[in-house]
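Data first, discussion second: the structure below is written as structure tokens.
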Amino acid sequence: MLKIFTVNKLTRKEEELMQILWDIKKGFVKDILDRYPDPKPHYNTVSSIVRLLQDKGFIGHKEYGNTHEYYPKVAREEYRKHFIKYVIRDYFDGSYRNVVTYFVEEEKIKPEDLDEIIKMIRNKRQ
């Protein structure tokens, strides 16, 4: 995958489309549209989002006459890393400790999960 996207943050609709495209690997607008839950957006709406994502460098296409088959140019994991960095920077003051504290306070993480995370950290350091 190419690392050509800038520090653009995707909109919710763009992320939704990218999730579909990452799942199907490649497809025409109709294929993407078929994967949306009901009520499905209009074909032209999906087509417009695809063009925006192309302009941002997130997807590319292969031409077959007048039709285009689209594929992700940015891997899901690559975007996830970018997105997580953004969230931690902007919502947790750049602190991973604040992230963990948030999940503990919200009771979203169990003590055994924390134990497993600590083990992973210790194993990485060795």
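Every read-out reported here was derived from the displayed coordinates using simple, explicitly stated rules and does not represent laboratory data. Please read all numbers here as calculations on a predicted model, not as lab measurements.
Pairs 81/110; 56/110; 62/108; 9/40: which exceed 32 Å Cα-Cα?
56/110; 62/108
What does the helix-only formula give at 222 nm for the chain: each DSSP H stretch with n ≥ 4 adding -39500 (n - 2.57), the total divided by the residues, and the result rounded to the nearest 500 deg cm²/dmol?
-18500 deg cm²/dmol, from helical runs alone.
Kindly provide the pair-distance distribution of the chain built from C-alpha pairs, with 10 Å bins from 0 and whole-percent values in order of increasing distance.
P(r) for the chain, in whole percents per bin: 11, 33, 25, 21, 9, 1.
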